[in-house]
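Worksheet: one structure, shown below.
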């Protein structure tokens, strides 16, 4: 008698960056055990994906889940729950918690906090600071971390690397790719004096202007050229950075970059309609900048999608600008928003899988994730193109309870989600217990 599968996903259209295939997926012991015509094979459970697309689970490599220290905004349980419901099966969480994740002990604490509570898979960045720059080569290789995050613009506590001398030391301490928040801190400080006498969130992209982003990214590229350290520039927000990034890539520098849905879809008109709810760093900018970012996206300048999920409560967002904090939730809506764009003809499912799953796995050396492939982890998302998803506060799982997209109806629906072989979202409803686990890495230095 043949071995019984734990789970079969049958009848769906499986997507990779190379194309689409009519393949059934057999899952055993948390792994993809077989691909092909398997509908007649014995199984304990079956997902009928007829008429649906089956994607590798999305990997969101930039989220802020606020635990420890700011659990009133979010925690690891609620944040991973939101991720799961949106079809994100792996998250990398950022180090600007309280205390910040700058030591082996702080990383170990986060790993303990996540164990048994996480609805999706996880890893935690270590934050670079002037105080720990000499330790980063060791810290980046600890279990449970994808590497070292650099804040060149304002962040929490000591997590700020604003001068070239410290940045050079950080880049020379270690080898794995560093994600970077690229805004020029000296310019940001100078421009605070330009705040009007009657402040409004519409001033945010003026105070944190394009030149702040351009200056920082220009400095960063220069130091990458000097040190050879791979960097991954997060949430590109300005037209001014685009030619710098194109040139750096043409030069063959080890530079990759991220785009968020909000920078592709929103513009400064949103400050007039939702005020501080549109406030994030780096900012949402003009419609002309949004058009430039979309053109660069169509021309494949960007390597990965990220949500920059950064929740704050409604009470905090209601404070007068600039006391209102920067950041918006996004881990639950990133994949539904992108699916809506695919079904609307803006780009393809193949590009979604490349930027949302395959490239993040390749960039950080994630073991066994990012593809629907035999031997890989069974992290799968079934997308029904015939259904729709309305973003409502009732649907949202984040503690903050809001989204800039509330009220929008999106084409397509994340119908089913499988985490490590466990059917965890069924027909759009969460089932079972948290099944997320710590991500393993097999990153190798490029030859």
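Considering only the stretch 35-42, I want to know if a residue exists there that is exposed (fewer than 14 other Cβ atoms within 10 Å of the Cβ), in a strand (DSSP E or B) and within 28 Å of the chain's Cα centre (by Cα). So far as the stretch 35-42 goes, no, none of its residues is exposed (fewer than 14 other Cβ atoms within 10 Å of the Cβ), in a strand (DSSP E or B) and within 28 Å of the chain's Cα centre (by Cα).
When residues in the stretch 327-363 are screened for being under 26 Å from residue 29 (Cβ atoms) and surrounded by fewer than 24 Cβ atoms within 10 Å (Cβ to Cβ), 3 of them pass. Identification of helices (runs of 4 or more DSSP H) wholly contained in the stretch 142-226 with 3 or more residues that are within 21 Å of residue 132 (Cβ to Cβ) yields 164-172. Checked against the criterion of being free of Cβ contacts under 8 Å to residues at least 12 places away in the same chain, in the same structural domain as residue 417 (by TED's automatic domain parsing), more than 16 Å from residue 383 (Cα to Cα) and out of contact with any strand residue (DSSP E or B) (no Cβ under 9 Å at 6 or more places or on another chain), the stretch 9-26 has no qualifying residue. Scanning the stretch 352-373 for residues that are outside any loop (DSSP other than H, G, I, E, B) and in contact with a helix residue (DSSP H, G or I) (Cβ under 8 Å, 6 or more places away or on another chain) yields 352, 356, 366.
With respect to the conditions (1) surrounded by fewer than 23 Cβ atoms within 10 Å (Cβ to Cβ); (2) touching a helix residue (DSSP H, G or I) at 6+ places or on another chain (Cβ under 9 Å); (3) under 27 Å from residue 170 (Cβ atoms), residue 282 falls short on a single one, namely (1). Identify all residues within the stretch 395-424 that are surrounded by fewer than 23 Cβ atoms within 10 Å (Cβ to Cβ), within 20 Å of the chain's Cα centre (by Cα) and not in a loop (DSSP other than H, G, I, E, B); write none if there are none. Within the stretch 395-424, 410, 413 qualify.
For the stretch 377-394, the set of residues classified as surrounded by fewer than 17 Cβ atoms within 10 Å (Cβ to Cβ) and either farther than 20 Å from residue 51 by Cα or not assigned by TED's automatic domain parsing to the domain that holds residue 407 (or both) consists of 390, 392, 393, 394, listed by residue number.
The values are calculated or read from the model by the stated rules, or taken from the named source; none is laboratory data. Quick caveat: nothing in here was measured; it's all calculated off a predicted structure. All Cβ positions, glycine included, derive from the backbone under ideal geometry; neighbour counts span all protein chains shown.
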